[in-house]
Amino acid sequence: MTISVLDRTAGQQEPGPELSSETSLGHLHDQAGHVDHERLPCRVNNPELWFAELPSDVEFAKALCQDCPVQALCLSGALDRREPWGVWGGELFLQGAVIPRKRPRGRPRKNEAAA
């Protein structure tokens, strides 16, 4: 994301090409405001779960997103914004790209069957 995106003024007529109003966090927040609070897993659970270190916690956050009414909007916005990390719309982001799963720290085991 560029500095110009972060410093946009309220008087600007239309958003820049880097971030449209349809994919902004503000738009996502507005759309989520029309949904019953209890149906939004990121609002009723610990928000740190979506930025967790443990792979099991990340998978749990991804599973919670599956029934979210704004999941598609959340995911498309995160893709457009190239979110640096976290679970967005049921997908895990790292450095702006979707990755299949979070790997635990350290070396993998020599014998995968022992895991």
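Computed from the C-beta positions of R105 and E48, the FRET efficiency with R₀ = 22 Å rounds to 0.80.
Could you sort the peptides 48-59, 97-108 by per-residue average Cβ neighbour count (10 Å cutoff), highest mean leading?
Top of the packing list down: 48-59, 97-108.
The overall shape of the stretch 26-102, judged from the alpha-carbon gyration tensor, is oblate: a/c is not under 1.5, and a/b is no greater than b/c.
A protection proxy built from the mean count of other Cβ atoms within 10 Å ranks the segments 30-42, 83-95, most packed first, as 83-95, 30-42. Annotation: for a label point projected 7 angstrom from Cα along Cα→Cβ of S76, residues of the stretch 23-45 with backbone N closer than 12 Å are 23-24, 28. Amide H contacts for E91 (H built 1.01 Å from N in the peptide plane; partners 5 or more residues away or on another chain; cut-off under 5 Å): none found. Taking a sphere under 12 Å around the Cβ of P100 and counting the other residues whose Cβ falls inside, with K and R at +1 and D and E at -1, yields a net charge of +2.
All of the numbers you see were taken from the coordinates with simple rules; none came from a lab. Just so it is clear, the structure is predicted and the values come from calculations on it, not from any experiment. Note: ideal-geometry Cβ built from the backbone for every residue, glycine included; neighbour counts use all protein chains shown.
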